[in-house]
1. Taking amide H positions as placed in the peptide plane 1.01 Å from N, state which residues far from H33 in sequence (5 or more) or on other chains have amide H under 5 Å from it.
2. Just to check, using Stokes-Einstein with a Kirkwood Rh over alpha carbon pairs, what's the diffusion coefficient of segment 25-86 at 37 °C and 0.692 mPa s in µm²/s?
3. List, in order, the whole-Hz ³J(HN,Hα) value for each residue of segment 48-53 obtained from phi through the Karplus relation with A = 6.51, B = -1.76, C = 1.60 and θ = phi - 60°; use x for Gly and Pro.
4. Amide H neighbours of M71 under 5 Å, at least 5 residues apart or on other chains, H built in the peptide plane: list them.
5. Could you derive backbone 3J(HN,Hα) for segment 72-87 from the dihedral phi with the Karplus parameters 6.51, -1.76 and 1.60 (θ = phi - 60°), listing whole Hz in sequence and x where the residue is Gly or Pro?
6. Give me a comma-separated list of calculated 3J(HN,Hα) values for segment 30-35, in order, Karplus coefficients 6.51, -1.76, 1.60 applied at θ = phi - 60°, integers in Hz, x for any Gly or Pro.
Amino acid sequence: MNKMSDQDLRTRDEDKQSSRPELLDKGEHVIPHEDGWAVKAEDAKKASNVFDKKQDAIDRAKEIAENKQTMVIVHKKDGSVQDKVRF
């Protein structure tokens, strides 16, 4: 069995969103993405999901935000805020 030190585990997981519990309090943003529409937690390094259709991204963001009891912030293509929904 290969044992890893605490530091090895932290280094291995530092880029994974699941290892960033501070994101649990952050809202989910639906933002334009080069491949469609992305769902990204506020302050996250990268999107958790990317969808072709904006409505699919909104639906996923609502699901995540409801589980975290936060909010969804939907952006327009120009980056301005279109809508906010609190859970």
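Values quoted throughout were computed directly from the atomic coordinates according to the rules given, and no laboratory measurement underlies them. Since we're looking at a predicted model, the values are computed, not measured.
1. Excluding prolines and chain starts, which carry no amide H, the hits are A38.
2. For these conditions, the coefficient is 297 µm²/s.
3. Here the 3J(HN,Hα) series is 7, 8, 10, 10, 5, 9 Hz.
4. G27, E28, F87
5. Here the 3J(HN,Hα) series is 10, 10, 9, 9, 7, 4, 7, x, 6, 7, 9, 7, 9, 10, 9, 10 Hz.
6. With coefficients 6.51, -1.76 and 1.60, one gets 9, 10, x, 9, 4, 9 Hz.
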